[in-house]
Amino acid sequence: MRRRQNSGTRHEAHSSGGRKEKIYMYGKHALVEALAHAPHAVRKVFLSAQADDAELRGLLKRANIVPGALKGGAMDRMVGRDTAHQGVIAVIDPGALMIDFKQFMASPAIARPTAETMLVLLDELTDPHNVGAIIRSAAAFGAAGVLIPPHNQAPVTGTVVKTSAGMAFRVPLVAIGNVNQAVDALATLGFRSYGLEMNGTTDLADEPFAAPSLIIVGNEGEGIRQKTLERCDVRLRIPMDARAESLNASVSAGVVLYAWSARHGGALS
C-alpha cells in the first residue's frame with residue numbers, strides 16, 4: 001500500500017528537449033511555505049471550496065495570484081487518488097527558486113560575512129534525495145545558502161523540493177557556474193573552506209569554525225574532486241566506530257552542519 005501524505009510534490013514533466021519541468025505541489029502547509037518564502041516560484045494555484053480559507057487568500061492576494069477552482073475529482077486526477085492534497089494544489093517552477101551567484105555575492109550578509117556565516121556547496125551530488133536532505137539540514141542549522149553547480153549535479157526538482165520538507169523555499173539556493181571558481185571567489189571574502197573527507201586530516205570535534213565557513217559536500221561515490229579538495233583550507237573527517245565504513249553524503253553533511261551550529265548558536269536565531 002502506498003503511503004498517504006499531507007503535503008509534497010509530484011512531477012508533471014521533466015526538463016528535456018527544451019520543456020520546462022512542472023511540479024504539482026499539494027497540501028496547505030507546502031503552499032503556505034512557498035507563498036510565504038518564494039511566491040515568485042508559484043505559477044498556478046487550485047483550491048477546492050473546502051480549502052479556501054482566509055490565510056491562503058491573504059497570501060495569494062499578496063503574491064498577486066488568482067486561484068482556480070477545482071472539484072475533488074479533478075484534483076485527484078492531477079496528483080493521484082491516493083494523495084491527500086487537502087483540496088490544495090499548486091504548480092511550481094523549480095528553476096525560479098535559484099539565485100544567481102553574482103547577485104548572491106553582492107548581498108550584505110555574504111559580501112561582509114562574519115564567523116556566524118555559513119554556506120554549503122554541493123560538488124556533483126547525483127541523488128536528488130541527498131540534495132533535498134542537505135537543503136533541509138542547511139536550513140535547520142543556519143546556513144545562509146546552498147550553492148549548486150550546473151554540471152554532473154542533481155538539479156532542483158520535485159523530488160528535491162519534497163525531500164527538503166519545504167525548506168527549499170526557505171534557504172537561498174544559489175546557481176554557480178563552476179565549483180572551483182566559486183570557492184576562490186568566496187575565499188577573497190574571507191570564507192574558510194571545509195571539505196568533507198573520510199580520511200581528512202582534521203577531526204570534526206577539534207575544529208572551532210572561527211571564520212566564515214564554506215562546507216563542501218562531494219559526490220556520493222567519489223567524494224570531492226581533487227582540484228576542489230586542493231582548494232580546501234581544512235579536510236574534515238567525522239570520527240566513527242571502526243566497524244562503520246562510511247556515512248551517506250546527506251547524513252555526513254547533517255553531522256557537520258550540526259557541529260558548526262553548536263559553535264554558533266546565534267546563527268540559529
### Summary
Counting only residues in segment 177-199 that are over 21 Å from the mean Cα position of the chain (by Cα) and of a type in the set (A, V, I, L, M, F, W, C), the one nearest to GLN103 (Cα to Cα) is identified as ALA185
### Query
Within segment 208-224, which residues are at pLDDT 95 or above and out of contact with any strand residue (DSSP E or B) (no Cβ under 9 Å at 6 or more places or on another chain)?
PRO208
### Query
What number of residues within segment 111-154 satisfy the criterion of being among the aliphatic types (A, V, I, L, M), surrounded by 20 or more Cβ atoms within 10 Å (Cβ to Cβ) and not in a strand (DSSP E or B)?
9
### Query
Does segment 240-262 include one or more residues that are surrounded by 13 or more Cβ atoms within 10 Å (Cβ to Cβ), over 21 Å from the mean Cα position of the chain (by Cα), assigned by TED's automatic domain parsing to the domain that holds GLU124 and not in a helix (DSSP H, G or I)?
yes
### Query
Failed condition for PHE169, given (1) modelled with pLDDT under 95; (2) touching a Lys or Arg at 6+ places or on another chain (Cβ under 9 Å); (3) surrounded by 18 or more Cβ atoms within 10 Å (Cβ to Cβ), with all others met?
(2)
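Provide a single number: the residues in segment 190-199 that are modelled with pLDDT under 95 and either among the hydrophobic types (A, V, I, L, M, F, W, C) or buried (at least 20 other Cβ atoms within 10 Å of the Cβ) (or both). Working first, answer last.
So the first thing to find is which residues in segment 190-199 are modelled with pLDDT under 95, and the list is 197-199.
If we keep only those that are either among the hydrophobic types (A, V, I, L, M, F, W, C) or buried (at least 20 other Cβ atoms within 10 Å of the Cβ) (or both) as well, we get 197-198.
Going through segment 190-199 one residue at a time, the tally reaches 2.
Would you be able to say whether some residue in segment 95-102 is at pLDDT below 85 and either of a type in the set (A, V, I, L, M) or farther than 25 Å from ILE176 by Cα (or both)?
Let us first name the residues in segment 95-102 that are at pLDDT below 85, namely 95.
Narrowing the set further to residues that are either of a type in the set (A, V, I, L, M) or farther than 25 Å from ILE176 by Cα (or both) leaves none.
No, there is no match, as no residue in segment 95-102 is at pLDDT below 85 and either of a type in the set (A, V, I, L, M) or farther than 25 Å from ILE176 by Cα (or both).
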### Task
Note down all Cβ pairs under 9 Å where the first residue falls in segment 220-248 and is over 16 Å from VAL120 (Cβ atoms) and in contact (Cβ under 8 Å) with a residue 40 or more places away in the chain, the second is among the charged types (D, E, K, R) and assigned to a strand (DSSP E or B), and they're at least six residues apart or on different chains.
ARG225/ASP123; ARG237/ASP203
### Query
Picking from PRO172, PRO67, PRO155, which residue would you name as being farther than 23 Å from HIS29 by Cα and either of a type outside the set (Ser, Thr, Tyr) or in contact (Cβ under 8 Å) with a residue 24 or more places away in the chain (or both)?
PRO155
### Task
Restrict the check to segment 200-207 and report whether at least one residue is modelled with pLDDT of 95 or more, hydroxyl-bearing (Ser, Thr, Tyr) and more than 21 Å from the chain's Cα centre (by Cα).
yes
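Looking at segment 58-94, which of the residues that are in a strand (DSSP E or B) and loosely packed, with under 14 Cβ neighbours inside 10 Å is modelled with the lowest pLDDT?
The initial filter retains those residues of segment 58-94 that are in a strand (DSSP E or B), namely 68-69, 88-92.
Checking which are loosely packed, with under 14 Cβ neighbours inside 10 Å leaves us with 68-69.
Values: GLY68: 87, ALA69: 82.
Among residues in segment 58-94 that are in a strand (DSSP E or B) and loosely packed, with under 14 Cβ neighbours inside 10 Å, the one modelled with the lowest pLDDT is ALA69.
The values are calculated or read from the model by the stated rules, or taken from the named source; none is laboratory data. This one's a predicted model, so the numbers in the text were calculated from it and none came from an experiment. As a convention, Cβ positions derive from the backbone with ideal geometry for all residues, glycine included, and neighbour counts pool all protein chains shown.
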